[in-house]
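S.K.: Dropping a structure here in structure tokens format, bear with me for questions.
The values are calculated or read from the model by the stated rules, or taken from the named source; none is laboratory data. If you're wondering where the values come from, they're calculated on a predicted model, not measured in any experiment. Quick reminder, even Gly has a Cβ in these numbers, built from the backbone with ideal geometry, and neighbours come from all protein chains shown.
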Amino acid sequence: MATQSITQDIYLVTENILNRIVGELSSSNTKANLANLRQSINRDVHRAIGVFPIVFANIPEEYLGESCELTYGERAIILALQLFALHQQGKEQLVHASRRSDDEKQWSNLGLSLSSLRVKDESEAIDRRFNAMITAANFEELANHLRHLIKLLARTDTKVDYAQLAQDLFLFQIGYQNNIRLKWSRDYYRHFNQKKGEEGSDER
């Protein structure tokens, strides 16, 4: 399968799982699924039994691994879902921004979402966290930084396209690290500069 086709499938699979999980945000089943995903964070995935029905029952056969290690697709989807559950905790409004929604342009990639944290007095601290994240040497290090940043986003009304994040996480693992770093960085810094320009225009 071509890389473009596979990455598009990663998006669609993740979007489908998200839709199944959050069909009814207030339901006890949804709350249990989200709790299972949060509890699996920082745990050996082999022991995260509560996540298996959520993930493996919804991943197409061609993306399921056969060895004792997760495939790149499985790792990307599971991490994106864990981060979504972390972000969604305690919120009544859905934090996932789908391409099919009006939020498509506003939250089209992680860099745009994280740029909302760059308020005037705290931009340097957030920039340090962002730069540490995009320079992560491996997937595990990247995942750790992402968990901390998503916890900060959870304090705001910002959304994330978690299906797009899964796609990016997959690409990060198969040799496109620099592409992802560049894409996130462009929108992280560009969006903040655009906001500053708009604020300056309002003041005149």
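S.K.: Taking only the range 79-89 into account, find how many residues are over 10 Å from Ile41 (Cβ atoms) and either part of a helix (DSSP H, G or I) or free of Cβ contacts under 8 Å to residues at least 60 places away in the same chain (or both).
M.R.: Initially, the range 79-89 is screened for residues over 10 Å from Ile41 (Cβ atoms), giving 80-81, 84, 87-89.
Applying the additional criterion that residues be either part of a helix (DSSP H, G or I) or free of Cβ contacts under 8 Å to residues at least 60 places away in the same chain (or both) yields 80-81, 84, 87-88.
Residues meeting the conditions: 5.
S.K.: Now for a different question. Based on what the data block shows, is Glu74 touching a Gly at 6+ places or on another chain (Cβ under 8 Å) and either in contact (Cβ under 8 Å) with a residue 12 or more places away in the chain or crowded, with 20+ Cβ neighbours inside 10 Å (or both)? Give the steps one after another, and end with the answer.
M.R.: Working: touching a Gly at 6+ places or on another chain (Cβ under 8 Å): yes; either in contact (Cβ under 8 Å) with a residue 12 or more places away in the chain or crowded, with 20+ Cβ neighbours inside 10 Å (or both): yes.
In short, yes.
S.K.: So which residues in the range 154-194 are closer than 20 Å to Gln88 by Cα, surrounded by fewer than 22 Cβ atoms within 10 Å (Cβ to Cβ) and touching a helix residue (DSSP H, G or I) at 6+ places or on another chain (Cβ under 9 Å)?
M.R.: Within the range 154-194, Ala154, Thr158, Lys159 meet the criteria.
S.K.: Separate question: Counting just the residues of the range 123-165 that are free of Cβ contacts under 8 Å to residues at least 12 places away in the same chain and part of a helix (DSSP H, G or I), which one comes out farthest from the chain's Cα centre (by Cα)?
M.R.: Checking each candidate, the answer is Glu124.
S.K.: Hey, can you tell me all the residues within the range 1-15 that are of a type in the set (S, T, N, Q) and at pLDDT 90 or above?
M.R.: Of the residues in the range 1-15, the ones of a type in the set (S, T, N, Q) are 3-5, 7-8, 14.
Across the range 1-15, the qualifying residue is only Thr14.
S.K.: In contact with a Leu (Cβ under 7 Å, 6 or more places away or on another chain), buried (at least 18 other Cβ atoms within 10 Å of the Cβ) and among the small types (Gly, Ala, Ser) - does that describe any residue in the range 39-47?
M.R.: no
S.K.: Which of the residues that make up the range 135-157 are of a type in the set (Val, Ile, Thr) and modelled with pLDDT under 95?
M.R.: First, the residues of the range 135-157 that are of a type in the set (Val, Ile, Thr): 135, 150, 156.
Hit for the range 135-157 is Thr156, nothing else.
S.K.: Kindly establish whether Leu37 is at pLDDT 90 or above, within 14 Å of Val13 (Cα to Cα) and under 16 Å from the mean Cα position of the chain (by Cα). Before the answer, list the steps.
M.R.: Numbers: at pLDDT 90 or above: yes; within 14 Å of Val13 (Cα to Cα): no; under 16 Å from the mean Cα position of the chain (by Cα): yes.
Here the answer is no, as Leu37 does not meet what is asked.
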